[in-house]
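Written below as structure tokens is the structure these notes are about.
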Amino acid sequence: MTLTVKELAQRCNAKVLVGNESLKIVSAADIMSAAENQVTVLSSKKYTKFLKETKASACFISSQFSTDDAPNDLVLLLCDDPEISFLQAVNVLHPTPKLTKSISKQAAIAENVSLGNDIHLGAFSSIEEYSSIGDGTEIFASVSIGRHVTIGKNCRLYPNVVIYDNTQIGNNVTIHSGTIIAADGFGYKYRNNEHVKVPHVGNVKIADNVEIGANSCIDRGALGASIIGAGTKIDNLVQLGHNINVGRNVIICGQVGISGSCTLGDGVVLAGGSALADHVTIGRQTVVMARTGVASDVEACQTVFGSPAKDKKVAWRELAALSKLPELFKRFKNLQNRLKKIEDK
């Protein structure tokens, strides 16, 4: 899509600070690679050095940044939050291609299935008995939906998603390719030299506005539900165990593993590669840093790091001390040698 600078500013909560309002903008790019007729953004002081050399035609900027180094022909778009305005510009200039919705003749739809208005169902997808799909939902090719599944309005399920029986999915939920919802949890009891499987007869409940990345797994509850709260965003390659209770607006980054029966408060952030032992509770607004191993409860509004997890400042001091061990050991050996010489005399 092509817009004038003035039109773009109006759509992105910005105003033209300086420059040609009628200049055409065709796409968006980062400040280092932007070219003519593209819009970019200056959102951090570490990128100010690129402002002087940028080839972009327009740039979102806030009042906290100096514009002294800006090229003379660069249109400056003043806004309160340059990052958000830029994201709005990306959406406007690069709209998602509109899907021609249809129900494929190669889709398999069982009896007693309820289909809403304006839905899309791709080839080789299947919907089992007593399931319902809300208005405007898009289900791409080779998606498998089990029995008694409820999917709300305006959801999007990409190819090869699998939804097991009894799953409940809210509105505006996006699930990317290869993800499996409500498989059995990993639960066994060791008896008589063998592992006896714990039956899982619960389900998964996913609230509104959740997005789940590719190749992630959310296990069903053993008896009750595994719950994902509204607004939560889950990255690719994430494992969530049975009976979990994830709060609202939680961020779970790639390669995170959460064991069964864990609880995450609202606004928790689990950085990449972190792991939680079973029955752990993480308080609201807590940040678990990358590759951290959490084996016990963490209070609200903390930032923890390390394995086992501890306050990040304590963990960093310990790492700093650990880095000094080789030198301390060398000094200790020297002192030992000096002491031995003294004793020998």
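The values are calculated or read from the model by the stated rules, or taken from the named source; none is laboratory data. Please read all numbers here as calculations on a predicted model, not as lab measurements. Backbone-built Cβ (ideal geometry, glycine too); neighbour counts: all protein chains shown.
Here are some notes:
- Considering GLY254, GLY273, the condition of being within 21 Å of ARG220 (Cα to Cα) and in a loop (DSSP other than H, G, I, E, B) is satisfied by GLY254 alone.
- Only listed residue being touching a residue at least 24 places away in the same chain (Cβ under 8 Å), hydroxyl-bearing (Ser, Thr, Tyr) and farther than 18 Å from ASN13 by Cα, chosen from THR40, THR48, THR67: THR67
- Any hit, the range 296-316, residues being closer than 21 Å to ALA230 by Cα and without any contact (Cβ under 8 Å) to a residue 60 or more places away in the chain: yes
- Residue in the range 288-308 that is within 27 Å of GLN168 (Cα to Cα), buried (at least 23 other Cβ atoms within 10 Å of the Cβ) and touching a Leu at 6+ places or on another chain (Cβ under 7 Å) present: no
- Checking LYS49, LYS105 one by one, the residue that is assigned to a helix (DSSP H, G or I) and among the charged types (D, E, K, R) is LYS49 and no other.
- Matching residues in the range 257-270 - criterion: being in contact with a Leu (Cβ under 6 Å, 6 or more places away or on another chain) and part of a strand (DSSP E or B): ILE258
- Positions within the range 201-214 being closer than 19 Å to VAL246 by Cα and either over 25 Å from the mean Cα position of the chain (by Cα) or not in a strand (DSSP E or B) (or both), in sequence order: GLY202, ALA207, ASP208, ASN209, VAL210, GLY213, ALA214
- Residue that is small (Gly, Ala, Ser), under 15 Å from the mean Cα position of the chain (by Cα) and crowded, with 21+ Cβ neighbours inside 10 Å, where the choices are SER177, SER274: SER274
- Members of the range 20-48 found to be in contact with a helix residue (DSSP H, G or I) (Cβ under 6 Å, 6 or more places away or on another chain) and of a type outside the set (S, T, N, Q), listed by number: GLU21, LEU23, ILE25, ALA28, ILE31, MET32, VAL39, VAL41
Residues checked against (1) of a type in the set (Ser, Thr, Tyr); (2) modelled with pLDDT under 95; (3) touching a strand residue (DSSP E or B) at 6+ places or on another chain (Cβ under 6 Å):
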residue: VAL162; (1), (2), (3): no, no, yes
residue: ASN166; (1), (2), (3): no, no, yes
residue: THR179; (1), (2), (3): yes, no, yes
residue: ASP184; (1), (2), (3): no, no, no
residue: LYS189; (1), (2), (3): no, no, yes
residue: VAL196; (1), (2), (3): no, no, yes
residue: PRO199; (1), (2), (3): no, no, no
residue: GLY202; (1), (2), (3): no, no, yes
residue: ALA207; (1), (2), (3): no, no, no
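- Filtered residue count, the range 103-119, keeping only those that are more than 19 Å from GLY152 (Cβ to Cβ) and modelled with pLDDT of 95 or more: 6
- Screening ILE169 on (1) surrounded by fewer than 17 Cβ atoms within 10 Å (Cβ to Cβ); (2) assigned by TED's automatic domain parsing to the domain that holds GLY247; (3) touching a Lys or Arg at 6+ places or on another chain (Cβ under 9 Å); (4) not small (Gly, Ala, Ser) shows it passes everything except condition (1).
- Of all residues in the range 1-27, those that are in a loop (DSSP other than H, G, I, E, B), in contact with a Ser or Thr (Cβ under 7 Å, 6 or more places away or on another chain) and either under 24 Å from LYS98 (Cα atoms) or of a type in the set (Lys, Arg) (or both) total 2.
- Residue in the range 122-130 that is among the β-branched types (Val, Ile, Thr) and outside the structural domain of SER62 (by TED's automatic domain parsing) present: yes
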